[in-house]
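What follows is a single structure, written as structure tokens, with notes after it.
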Amino acid sequence: MMCENTSQSDTIIHIHLTRLGLAFEYNSRTTNITSREYSDMCIDEDQWLETLTGLTFGLLLSPLSVNNHEMRHHPYRKLIVPFGTIQGKRNKDTNHPTVTIDRLSVKSQQYFVFILNDRLKMLQSTDSPTGWFYLSLLHAMTSHPLPDEYTGMTGMKRAFQLLKSAGSWSDQPFNELCSNILGQIASISPIVNYYPEHLTCMEKIDWNSNGLPYSMQHFGYYLIAQKILNSSQLFNFIYPSMISH
């Protein structure tokens, strides 16, 4: 953090988030915290999204007042979320999972930017298919039996919408980041085995302790993640240089 005086009334404070490679400027006169990467946007005073409830990591940006007036018919906001391992824990007070992002194993300054489309009432990714996967994972991990205020649907329903959309499917091999996120999505599903294993008369279900209600731990997460991965590998012989060994 650095401070500079541009005039007697203006003090500029430079804020650097080095782990993400992001920077902001605080102007004491306007009281805005402006983004360096998105110079026409500032940190929104109201960080309530009305969706992704329980997510503790993320930064909501809104247009500066001048730009917002010019684009009053097409308002937009941006949500910056760092990449990492998504972890959930049941909050006894709110009966809703609290979701954190573990970045200890992440070496890159990776983050995702999502656009809040207020006309369609949905979050949209600017990076396909990686961003679609990560947004699906966030919706799934913050899901609740009641629908979100912003989207009008549950996080689980929106997650499956994204995973079934064209932006999530590819005929090229996925990179390591995509595979990591798909693995996290698949792990939301509970593990099912026969009990006893040598018989097929009963099943044993091991539910995850990720804070999600059992009704939100859908078996379909594993199935669709596996289907997306298999689909991307059909034409591996065309892209030998992209296949990691």
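The values are calculated or read from the model by the stated rules, or taken from the named source; none is laboratory data. Just so it is clear, the structure is predicted and the values come from calculations on it, not from any experiment. FYI the Cβ positions are ideal-geometry reconstructions off the backbone, even for glycines, and counts take in every protein chain you see.
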Open item on the list: Which of the numbered conditions does Q47 fail, given that it passes all the others? Conditions: (1) within 30 Å of P145 (Cβ to Cβ); (2) not in a loop (DSSP other than H, G, I, E, B).
Closed with: (2)
Open item on the list: Criterion first (within 23 Å of the chain's Cα centre (by Cα), modelled with pLDDT under 90, within 27 Å of W48 (Cα to Cα) and not in a loop (DSSP other than H, G, I, E, B)) does S215 satisfy it?
Closed with: yes
Task: Residue list for segment 168-186, restricted to those being part of a loop (DSSP other than H, G, I, E, B) and either among the hydroxyl-bearing types (S, T, Y) or surrounded by fewer than 20 Cβ atoms within 10 Å (Cβ to Cβ) (or both) - done: W169, S170, D171, Q172, N175
Open item on the list: Out of the residues in segment 95-130 meeting the condition of being of a type in the set (K, R) and touching a Phe, Trp or Tyr at 6+ places or on another chain (Cβ under 8 Å), tell me which one is nearest to R19 (Cα to Cα).
Closed with: R103
